[in-house]
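Below you'll find the structure, written out as structure tokens, and then a few comments.
Since every read-out is calculated from the coordinates, none of them should be taken as a lab result. It should be emphasised that the depicted structure is a prediction, and the values quoted were computed from it without experimental measurement. Cβ: placed from backbone, ideal geometry, glycine included. Neighbour counts: every protein chain shown.
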2 protein chains.
Amino acid sequence: MGATERDSYHHGDLRAALIEASESIIREEGVEGFTLRKAAKRAGVSPGAPSHHFKGTKGLLTVVAIRVFQRLGAELAILPVSDVPARDLRTQAEGYVTFAAQNPGLFRLICRVDLIDCQDQEFREASFSALVHYRNAAAAYFGEDPPDRAARIFRPYLASAFATAHGLAHMILEGRPALLFDTPDPAETFIETTLPSILLATWPDRPCEVRHSA
Amino acid sequence: MGATERDSYHHGDLRAALIEASESIIREEGVEGFTLRKAAKRAGVSPGAPSHHFKGTKGLLTVVAIRVFQRLGAELAILPVSDVPARDLRTQAEGYVTFAAQNPGLFRLICRVDLIDCQDQEFREASFSALVHYRNAAAAYFGEDPPDRAARIFRPYLASAFATAHGLAHMILEGRPALLFDTPDPAETFIETTLPSILLATWPDRPCEVRHSA
DNA sequence: CATCAATCTGAACGTCATTCAGATTGATGC
DNA sequence: GCATCAATCTGAATGACGTTCAGATTGATG
């Protein structure tokens, strides 16, 4: 598998092949298992070849990360919208966490700021755009201001809304539920049953009632 | 600096010296900058010496991680308690995030499950115990059941409460606020002013009012 | 004082990212 | 059709990494 055959001395589209190879390596072995040499080998090329197409390992991984953000954004974009803001916010958060759980290696990559050139303009754009629908859903739920898509204005509730999903994603990938709780249900059912219950506790349909006793 | 002098062939307490050295390296250069050879050199010892005291790099970092969790737990334990559950939960979350922001390298370490032996019993114990007060504060806020410290029963609101702080911590360390928002206030004031506003939006003093418009 | 186990050294080995001189070739201009 | 040139790729460096191991050193035990 891998190692696309080659007839000529030149590859043809080594750049794309390296991106593809890197993604599948990260899928199979995680970011920690990724090396530039592996990617080169899988693309059927010598270890020095990638340097002509990317600025080192970080340059290649930055491009991969951009694609991951784009895919995350695309998955969040096609999620259904209802007339219940709470449900929509939960849907977005569930989509976010599900993406992380289903693509653990790639999600870890976009969180490894040491492996990525975070100053890259394309990366910045992709990381922002991926969460446009999430942002809108949060704004609708908290109903404080109409979601101005262009502006990146800070709002406490937006940070709070992002933090919940992002924290859950990290917790799952770090295996924290197993550390914090004697999980009655196995890890497989987490996404299907446990996650919705957490999101429901976070953003209930009805505005909160008195939750803490006197 | 570093490189504790040594008169005899044997070190005396190399184990402690390696832990100490590792911690300061991670403080100064982050987990990514840590290498076992650096730690050995800083302890004034050859690269092969650590193997007599730890099971490889992972063994050493696991011990460091345990100490980090213990320190986090100690910092959360001395936080003030009031008669307002919401305030106490916010205080715990603020303590958690502040610890991460003030110890970025060490916090990243305890999240790098690939660098740590997560099956280590001492590690599991430390990671659970560190959050006892956080858990109690969350239980009091949501007021659903009395905090049973021994049991690790799963509750959706507990996972939700942890996720917020954990997500904020990761977001800060990943520099996401700068990616998501045109931060009006510089990153320095985040902990002092921005973080409290986020936590207040998450867990307000009064039970929530109607927040979303029709 | 002899013995032994614990500890430490220093030199391996294999792998990594990166660099670079030289080989190869696609494309351009004639 | 052919010469030229820049882009591309090879393969062998260089230096750092974790880990292993034979041999040196020494504290402790008897």
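Cross-link partners of B:LYS58 among lysines, defined as those whose alpha carbon lies under 25 angstrom from its own and excluding same-chain residues fewer than eight positions apart: A:LYS38, A:LYS58, B:LYS38, B:LYS41. Cβ crowding within 10 Å ranks B:THR57, A:THR194 as B:THR57, A:THR194, fewest other Cβ atoms first. Calculated FRET efficiency, A:LYS58 to B:ASP83, Cβ-Cβ distance, R0 = 51 Å: about 0.50 to the nearest 0.05. Ranking B:GLY95, B:LEU199, B:THR62 by Cα position along the charge dipole of the range B:55-202, where only Lys, Arg, Asp and Glu carry charges on their C-beta atoms, puts B:THR62 farthest toward the positive end. Taking a point 7 Å from the Cα of B:GLN70 along the Cα-to-Cβ direction, the residues of the range B:14-46 with backbone N closer than 13 Å to it are B:16, B:19-20.
Counting from the shortest, the label point at B:LYS41, 7 Å from Cα toward Cβ, is 2.8 nm from the same position in each remaining copy. Each 10 Å bin from zero holds the following percent of Cα-Cα pairs in chain B: 7, 29, 30, 20, 10, 3, 1, 0. Size descriptors for the range A:39-129 (Cα atoms only): Rg and Dmax, in that order, 16.2, 55 Å. Taken about its Cα centre, the range B:55-202 carries a charge dipole of roughly 440 debye when the Cβ of each Lys and Arg holds +1 and the Cβ of each Asp and Glu holds -1. Measuring nothing but how far apart in sequence close Cα pairs (under 8 Å, 6+ apart) lie, relative to its length, chain A scores a relative contact order of 21 percent. Think of it as helices only: each DSSP H run of n ≥ 4 in the protein assembly as shown is worth -39500 (n - 2.57), and spread over all residues that comes to -18000 deg cm²/dmol at 222 nm. Ratio of Rg to Rh for the protein assembly as shown: 0.99 [Cα atoms; Kirkwood radius as inverse mean 1/r over pairs]. Using only alpha-carbon positions in the range B:1-65, the gyration tensor eigenvalues give semi-axes of 18, 13, 9 Å once each is multiplied by 5 and square-rooted (largest first).
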